[in-house]
Amino acid sequence: MTGDNYINENRTETFKKGEKVVMHSCMEAKLPKYNGKIWTCQTDSFLDRGKQEVVFIEGFSGYFSAEYLQRVQS
């Protein structure tokens, strides 16, 4: 499990906790239940152990690649 300490030590500047995002250019974005859905970032974005930039989003199991998320205005 990825804890708060790890996230804080590996934080990036792409997304901040509470920001609204939408998925794009990925398999999940094509699914009817996710297509156009606005998500809320549950954490700041950070580098996972493989050095991929990711973020936890509310209502999604596990973290999600920041590469396939776009910030939206709320």
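What follows is calculated from the coordinates using simple rules that are stated; it is not laboratory data. What you are looking at is a predicted structure, and each value in this text was computed from that prediction instead of being measured. Backbone-built Cβ (ideal geometry, glycine too); neighbour counts: all protein chains shown.
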query: Given the conditions (1) closer than 19 Å to Gln73 by Cβ; (2) part of a loop (DSSP other than H, G, I, E, B); (3) in contact with a strand residue (DSSP E or B) (Cβ under 9 Å, 6 or more places away or on another chain), which single one is not true for Thr40?
result: (2)
- prompt: Out of curiosity, is Tyr34 surrounded by 12 or more Cβ atoms within 10 Å (Cβ to Cβ) and part of a helix (DSSP H, G or I)?
  reply: no
message: Can you tell me which of (1) surrounded by fewer than 18 Cβ atoms within 10 Å (Cβ to Cβ); (2) part of a loop (DSSP other than H, G, I, E, B); (3) of a type in the set (Phe, Trp, Tyr) is the one Phe15 doesn't meet?
response: (1)
task: Filter the range 37-65 down to residues that are surrounded by fewer than 18 Cβ atoms within 10 Å (Cβ to Cβ), among the β-branched types (Val, Ile, Thr) and closer than 19 Å to Gly3 by Cα, then give me how many there are.
output: 1
